[in-house]
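Here is the structure we will look at, set down as structure tokens.
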Amino acid sequence: RSTDVTVLGLGAMGSALATALLDAGRSVTVWNRTPGRAAQSVARGARAAGSVREAVTASPVVVTCLLRYPSIQETLAPVAGELRGRTLVNLTTTTPNESRDLAVWAAGHGADHLDGAIMAVPDMIRSREGQIFYSGSRAAYDILLPTLEIWATSEFHGEDAGRAALLDLAMLSGMYQMFTGFFHGAAMVATMGMSASEFAARQAPFLSAMTHGLAGYAKVVDGGDHTGPGLQSLDFSDLSHLVRASEEQGVDPAPIAAVQALISRQIAAGHGAEGFTRIYESLRLVGSAA
Ligand code: NDP
């Protein structure tokens, strides 16, 4: 028989998760801090619990999809005694250490713990485009796979509960810096009257083409030799002209100045003839002489 599931948190993502389970014919109990947000799930067949305790005790699997780590503690700590023998699947975004702390806390209360990081927006849940990374209890992952697969393609990343969160946040770091780079460029061209939409029409295909370079850069980083032929040297990649152009246009150069700072550090350390990939070493060795 399929597993009953409780979903705590009916924000945009929690609602999408609960709805997907209901659409797949699962028995779902829902709870949300602010009453009233359960209406949509209830209309599709969910049972609305009147309290966290009632919600947690309703199912062997308890999913948290709250805002940040403190909201998980705030919600679950008062009912910790009810977790024994259940599986806690946390899909709230947390840092790796927060996920590890949660694993230890859950184990201390006799619960199995699986930590998930959702690489999707709510609309992508159930569409198969989305992915969810998991880490923590392998046994829980194996047992729950048919349920997890209702939401998205699942990937298990190991028993260290922090690994899924680490991979998630690393992915988001790249994404946010790409978007910030776009905003910076948009602010630059705005000074000549170009709209962000006009700029996006050019920037999107350009960035898309540039992502083909990632695999090549990755090989160099993995190999650790930044001197290979075909690599643009740091002296060549020096971006001070880009920083200057931004300043000349009255646009804050902060995003590109951060890149230039990494380059400058490697040039100052005598690595100017090596490839642009060398800035990876600036990142890795923060706190020590690069
Ligand atoms: P929403 O802002 O839509 O919902 C937040 C939810 O958290 C609400 O149910 C809210 O309850 C609840 N909440 C906040 N603080 C507390 C608290 N102290 N105690 C109890 N409940 C609390 O966010 P999302 O649904 O979009 O996101 C939920 C999680 O999913 C986040 O960790 C997010 O990072 C992650 N996620 C979201 C994605 C997205 O695209 N939306 C993508 C990937 C991950 P209330 O209604 O009472 O305020």
Completion exercise
So, first residue at pLDDT below 95 in the range 24-37, second residue of a type outside the set (D, E, K, R) and within 10 Å of the ligand (Cβ to nearest atom), Cβ within less than 6 Å, six or more apart or across chains; the pairs are Arg37/Leu10
Practice task
Under 9 Å between Cβ atoms, at least 6 apart or on separate chains: pull out the pairs that start in the range 63-87 with a residue that is touching a residue at least 24 places away in the same chain (Cβ under 8 Å) and end on any residue that is loosely packed, with under 12 Cβ neighbours inside 10 Å.
Solution key: Val79/Ser51; Ala80/Gly108
Practice task
Scan Ser15, Ser27, Ser59 and give me the residue that is away from the ligand (no atom under 13 Å from the Cβ), of a type in the set (Ser, Thr, Tyr) and crowded, with 19+ Cβ neighbours inside 10 Å.
Solution key: Ser59
Exercise for the section: Return the only residue of Ala258, Ala209, Ala201, Ala254 being at pLDDT 95 or above, over 24 Å from the mean Cα position of the chain (by Cα) and either within 20 Å of Gln177 (Cβ to Cβ) or exposed (fewer than 12 other Cβ atoms within 10 Å of the Cβ) (or both). Expected result: Ala201
Exercise for the section: Output the number of the condition that Pro96 fails; it satisfies all remaining conditions of (1) within 11 Å of the ligand (Cβ to nearest atom); (2) in contact (Cβ under 8 Å) with a residue 60 or more places away in the chain. Expected result: (1)
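Among the candidates Ala103, Ala140, which residue alone is within 20 Å of the chain's Cα centre (by Cα), away from the ligand (no atom under 16 Å from the Cβ) and farther than 25 Å from Met175 by Cβ?
That would be Ala103, the only listed residue that is within 20 Å of the chain's Cα centre (by Cα), away from the ligand (no atom under 16 Å from the Cβ) and farther than 25 Å from Met175 by Cβ.
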Completion exercise
Inside the range 191-226, the number of residues satisfying the requirement of being assigned to a helix (DSSP H, G or I) and in contact (Cβ under 8 Å) with a residue 24 or more places away in the chain is 4
Exercise for the section: Looking only at the range 114-129, decide whether some residue is away from the ligand (no atom under 13 Å from the Cβ), of a type outside the set (A, V, I, L, M), within 30 Å of Thr57 (Cβ to Cβ) and surrounded by 17 or more Cβ atoms within 10 Å (Cβ to Cβ). Expected result: yes
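The values are calculated or read from the model by the stated rules, or taken from the named source; none is laboratory data. Note that the structure is a prediction, hence the values are computed from the model and not measured. Glycine also receives a Cβ, built like all others from the backbone with ideal geometry; neighbour counts cover every protein chain displayed.
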